[in-house]
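**Student:** Quick one: structure below, then a few questions.
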Amino acid sequence: MRIGICDDNTNEWGRLKEICEQSGYTDVRIFTSSTEFLESEDRPDLLFLDIEMDGMSGIELKDFLETNSHQTYIVFYTAHSEWMPEAFGKNVIGFLRKPVSQREVQRCITKAIFLRKEYCILTLDPDVRIFCGQILYIQANGVYTTFICEDNKKYSIRKPLRNWEDELREFGFCCPHRSYIVNFQHVEAMDANYITLKNGESLPISRRHAKQTKNAYKDYCLSKLI
């Protein structure tokens, strides 16, 4: 989970950064103005955004991001609750009063992780827990299934493929063939017969699963534009 903090007050963003790191989230980027955020190519998954800043305000930055379809979730934090009516938006998931507490910050991070489903954790067995986003695809192997993940990692679990399909559907997975479940997050292209992954691998699409796979991928792509 990449976290951004946009605040022109060093004491405020310093405290918030410390809370994030104490909670185990060390990938934290600081922006001291809305302009600095917009000039950066770095787009965090979650942005803690102050409202009152010199130049472009936090409200104006939120409006710009929503107009331009950025998928960064926003948590406003301010000492002035009267700004709350203007702070609502489709990507706004929280509103915190300064000074913030670790419990409040952790609650907002947890909510962002749930909404950005690739960060949801899947328990394969008591000793193996992975992020859904790490899974490229899953392959049937008799009563076992093999999880093919990033960094060439593989996990074989004694559980049939069909038992995983319903569990993973809401996280952007689909079954294009009776022997495979694919994570749409890692799909580069799709035609009538094959799915091409970003790593160059190809997975077959069976006639039986072609229509549902096409519709599921269309829905997935549309969800990323919202």
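The values are calculated or read from the model by the stated rules, or taken from the named source; none is laboratory data. Predicted, not measured: the structure shown is a model, and the values here were computed from it. Cβ: placed from backbone, ideal geometry, glycine included. Neighbour counts: every protein chain shown.
**Student:** Looking at (1) at pLDDT below 90; (2) farther than 24 Å from Asp45 by Cβ; (3) surrounded by fewer than 11 Cβ atoms within 10 Å (Cβ to Cβ), find the lone condition where Glu165 falls short.
**Tutor:** Failed condition: (3).
**Student:** With the condition kept exactly as written, say whether any residue in region 54-68 is within 30 Å of Phe173 (Cα to Cα), assigned to a loop (DSSP other than H, G, I, E, B) and in contact (Cβ under 8 Å) with a residue 60 or more places away in the chain.
**Tutor:** No, every residue in region 54-68 fails to be within 30 Å of Phe173 (Cα to Cα), assigned to a loop (DSSP other than H, G, I, E, B) and in contact (Cβ under 8 Å) with a residue 60 or more places away in the chain.
**Student:** Still on this structure, please answer the following. Looking only at region 19-38, which residues are farther than 20 Å from Gly89 by Cβ and at pLDDT 95 or above?
**Tutor:** Val28, Arg29, Ile30, Thr32, Glu36
**Student:** Moving on to the next point. For region 33-62, give me each residue that is among the hydroxyl-bearing types (Ser, Thr, Tyr) and either within 13 Å of Tyr77 (Cα to Cα) or touching a helix residue (DSSP H, G or I) at 6+ places or on another chain (Cβ under 8 Å) (or both).
**Tutor:** Residues satisfying the conditions are Ser34, Ser57.
**Student:** Filter region 198-207 for residues that are in contact (Cβ under 8 Å) with a residue 12 or more places away in the chain and either of a type in the set (A, V, I, L, M) or closer than 23 Å to Gly142 by Cβ (or both) and give the result.
**Tutor:** Residues satisfying the conditions are Glu201, Leu203, Pro204, Ile205, Ser206.
**Student:** Check Asp50 against each of (1) surrounded by fewer than 16 Cβ atoms within 10 Å (Cβ to Cβ); (2) more than 21 Å from the chain's Cα centre (by Cα); (3) charged (D, E, K, R) and name the one condition it does not meet.
**Tutor:** Exception for Asp50: condition (1).
**Student:** Select from region 176-226 the residues that are acidic (Asp, Glu) and either in the same structural domain as Gln71 (by TED's automatic domain parsing) or not in a strand (DSSP E or B) (or both) and list them in ascending order.
**Tutor:** Looking only at region 176-226, we keep the residues that are acidic (Asp, Glu), and these are 188, 191, 201, 219.
Those that are acidic (Asp, Glu) and either in the same structural domain as Gln71 (by TED's automatic domain parsing) or not in a strand (DSSP E or B) (or both): Asp191, Glu201, Asp219.
**Student:** Follow-up question, since we're still on this one. Just checking, does region 132-144 include any residue being surrounded by 13 or more Cβ atoms within 10 Å (Cβ to Cβ), part of a helix (DSSP H, G or I) and among the β-branched types (Val, Ile, Thr)?
**Tutor:** Checking region 132-144: not a single residue is surrounded by 13 or more Cβ atoms within 10 Å (Cβ to Cβ), part of a helix (DSSP H, G or I) and among the β-branched types (Val, Ile, Thr).
**Student:** Of all residues in region 180-211, count the ones that are surrounded by 13 or more Cβ atoms within 10 Å (Cβ to Cβ), of a type in the set (S, T, N, Q) and farther than 22 Å from Asp151 by Cα.
**Tutor:** Here the count works out to 1.
**Student:** Show the residue pairs meeting these rules: Cβ distance below 7 Å; 6+ apart or different chains; first residue within region 172-197 and under 16 Å from Gln212 (Cβ atoms); second residue charged (D, E, K, R).
**Tutor:** Correct list of pairs: Gly172/Lys117; Cys175/Glu165; Ile181/Glu165.
**Student:** Oh, and also: Can you confirm whether Lys90 is surrounded by fewer than 17 Cβ atoms within 10 Å (Cβ to Cβ), outside any strand (DSSP E or B) and touching a residue at least 40 places away in the same chain (Cβ under 8 Å)?
**Tutor:** In short, yes.
**Student:** Based on this model, can you work out whether Ile109 counts as crowded, with 16+ Cβ neighbours inside 10 Å, outside the structural domain of Asn91 (by TED's automatic domain parsing) and of a type in the set (A, V, I, L, M, F, W, C)?
**Tutor:** Judged against the criteria, Ile109 is not a match.
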